[in-house]
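The values are calculated or read from the model by the stated rules, or taken from the named source; none is laboratory data. A quick note: this is a predicted structure, and the numbers were derived from the prediction, not measured. Neighbour counts run over all protein chains shown; Cβ positions are idealised from the backbone, glycine included.
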Amino acid sequence: MTTNDPPCLSGQAWMSKPPKTTPSSPVTQFEWLADFRLLLYLFIGFRLLMGVVYQPYTFERYKQDGSPTVIERGMSTFGDLRYYYYFARQSVEGDLPYRDYWYEFPPVSIGLFAGVYGIGQLRGQFSYASWATLIGFIMLAFDVGNLVLLRRLARRLHGEAAAVALPWFYALLAAPAIFPWWTFETLVVFLMLLSLVWLLEGRDRRSALVTAAGILTKYTPILLLPTIWRFYDRKLALRYTLIVLLIVALVFALLIAWGGRMAVASLLAQFNKASYQSVWALLDDNLRTGRFSPTDTRLDPDTSFKPYGNAPVIPAWLRLIPFAAAGLFIFTRRLRQDDRGIVAFFSVTIILFFLWTQGWSPQWALTLTPLILLNFPDRNGVLLCLVIGFAGFIEYPAMFMRTAETEGEITTALLPTYVTIILMRTAVLIGLVIALYRLLIQEVGHERA
């Protein structure tokens, strides 16, 4: 740190334990913020209280024609938990995913959701309110893990000052507090960060096992493999890749052997999804959120191969060319070889994927948050997280909640703002790629300790 650093961010101020004080020597320069236990108390306490005060629940409201409609309130409002609850209940009642209907994610998430529902039902009827609250608290546990892992990575990459500051930044951002009640992205981020921690600490076999678990939760953790091949020797990279692919292939093979075409439809559903909330969606005139066909069509595996929207103007393989070229260009450059280089390269890979893929999911702000903070541990990193999160929440739910009359499609009145947000977010992501590349080519001589 330079002598111009503000006192509250200096290495002296951010010590690992708060100093002993007396009434005549008051605590100065916010030393108590260095007590990680204090942050954990506030982090857990705030989220627990929010979950208790704003518990998820549903009720029926009747339309003018007398038909009922389900209204959701609480922390899970605008999220996907009620959607997952439907599949969890179906699974426990005997209609199983991958066999009786198709489900668009790998098996870990539905295993968790159905497992919680099944255990809760042992004591009698298990309502959505109870199930969703318990899922929210489970995701909170994983988010505490994210906080701990972020601190661990920050210390390794930047030292003690960042190990204190970055968890506070993360704790005060909105996205990490909201998305555990909406999706299971918190679990995906936990597995991603744990893979990175163990990889940097030289525990590559453990890291490979966690990466495989991440892929079986959501496909994005497979993007760690290019980083392995770029920064590690071929023997380790081959071993790591074989562990990951063998575990994933074994699980998928068992699912396909059990469920047949329904399992294949489930595992490929994400690749047949129509564009949504991205520049590609604007080109395709798809002005809805990323949706699949209704749940009552899931008994037919063929419906998973039919996009729920307009066909792409630019096919996926064609738009892959510029992003693959950009990735290959960065891959073949002479890059810094230290831990910061590894994290920066992985971050570039993630962002290039987000730019290439057909849609943008608001919960990806949660994936980007720790990566941005680790690469840019300053006010600029915090500002980037705020911009991406704020723009995402304006887009969804603020704008889409006003589309009831158009059945979820952005109206003409909202379109200029909607387009502006998408273009702004895309520009920010492109800017991040450029900034990360500049970080990768800085201090090229740096090697791993």
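You will find that of 429, 415, 355, the residue that is loosely packed, with under 15 Cβ neighbours inside 10 Å, touching a residue at least 24 places away in the same chain (Cβ under 8 Å) and either farther than 21 Å from residue 153 by Cβ or among the charged types (D, E, K, R) (or both) is 415 and no other.
Considering each residue of segment 294-312, count those that are of a type in the set (Gly, Ala, Ser) and farther than 13 Å from residue 269 by Cα, and give that number. First the steps, then the outcome.
Of all residues in segment 294-312, those of a type in the set (Gly, Ala, Ser) come to 304, 309, 311.
Adding the requirement that they be farther than 13 Å from residue 269 by Cα leaves 309, 311.
Adding up the residues that qualify gives 2.
When residue 361 is tested against (1) within 19 Å of the chain's Cα centre (by Cα); (2) in a helix (DSSP H, G or I); (3) closer than 18 Å to residue 284 by Cα, just one condition goes unmet, and that condition is (2).
Consider residue 242 carefully, then state whether it is out of contact with any Gly (no Cβ under 7 Å at 6 or more places or on another chain), free of Cβ contacts under 8 Å to residues at least 24 places away in the same chain and either charged (D, E, K, R) or not in a loop (DSSP other than H, G, I, E, B) (or both). Walk me through how you get there before you give the answer.
Working: out of contact with any Gly (no Cβ under 7 Å at 6 or more places or on another chain): yes; free of Cβ contacts under 8 Å to residues at least 24 places away in the same chain: yes; either charged (D, E, K, R) or not in a loop (DSSP other than H, G, I, E, B) (or both): yes.
Yes, satisfied.
Is it the case that some residue within segment 257-268 is hydrophobic (A, V, I, L, M, F, W, C), within 26 Å of residue 207 (Cα to Cα) and in a helix (DSSP H, G or I)? Yes, that holds for at least one residue.
To keep it simple, each residue is scored yes or no on (1) under 30 Å from residue 72 (Cα atoms); (2) of a type outside the set (S, T, N, Q); (3) part of a helix (DSSP H, G or I); (4) out of contact with any strand residue (DSSP E or B) (no Cβ under 8 Å at 6 or more places or on another chain).
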site: 186; (1), (2), (3), (4): yes, no, yes, yes
site: 189; (1), (2), (3), (4): yes, yes, yes, yes
site: 193; (1), (2), (3), (4): no, yes, yes, yes
site: 208; (1), (2), (3), (4): no, yes, yes, yes
site: 213; (1), (2), (3), (4): no, yes, yes, yes
site: 217; (1), (2), (3), (4): yes, no, no, yes
site: 227; (1), (2), (3), (4): no, no, yes, yes
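For residue 331, the requirement of being part of a helix (DSSP H, G or I), touching a helix residue (DSSP H, G or I) at 6+ places or on another chain (Cβ under 7 Å) and surrounded by fewer than 23 Cβ atoms within 10 Å (Cβ to Cβ) is met.
Exactly one residue among 185, 93 is acidic (Asp, Glu) and more than 22 Å from residue 218 (Cα to Cα), and that residue is 93. For segment 307-328, residues that are free of Cβ contacts under 8 Å to residues at least 12 places away in the same chain and part of a loop (DSSP other than H, G, I, E, B) total 1.
Of the residues that sit in segment 272-287 and are in contact (Cβ under 8 Å) with a residue 40 or more places away in the chain and surrounded by fewer than 20 Cβ atoms within 10 Å (Cβ to Cβ), which one is nearest to residue 255 (Cα to Cα)? Step through it out loud before you land on a result.
So in segment 272-287, the residues in contact (Cβ under 8 Å) with a residue 40 or more places away in the chain come out as 273-282, 287.
Applying the additional criterion that residues be surrounded by fewer than 20 Cβ atoms within 10 Å (Cβ to Cβ) yields 273, 279, 282.
Values: 273: 21, 279: 35, 282: 36 Å.
Of everything passing the filter in segment 272-287, 273 is nearest to residue 255 (Cα to Cα).
When the helices (runs of 4 or more DSSP H) confined to segment 127-179 are screened for residues that are β-branched (Val, Ile, Thr), those reaching at least 2 such residues are found at 128-158.
Within segment 34-72, work out how many residues are under 24 Å from residue 121 (Cα atoms) and modelled with pLDDT of 90 or more. Spell out how you get there, then give the answer.
As a first pass, look at segment 34-72 and keep what is under 24 Å from residue 121 (Cα atoms): 48, 51-60, 70-72.
Going one step further and asking which of them are modelled with pLDDT of 90 or more, we end up with 48, 51-56.
Total satisfying the criteria: 7.
Only one of the numbered conditions (1) assigned to a helix (DSSP H, G or I); (2) at pLDDT 95 or above; (3) more than 17 Å from residue 174 (Cα to Cα) is not met by residue 377, and that is (1).
Just to check your reading of the model, which residue among 304, 293 is outside any loop (DSSP other than H, G, I, E, B), over 20 Å from the mean Cα position of the chain (by Cα) and at negative phi? Before the answer, list the steps.
On the way: 293 fails: outside any loop (DSSP other than H, G, I, E, B).
Every option except 304 fails the conditions.
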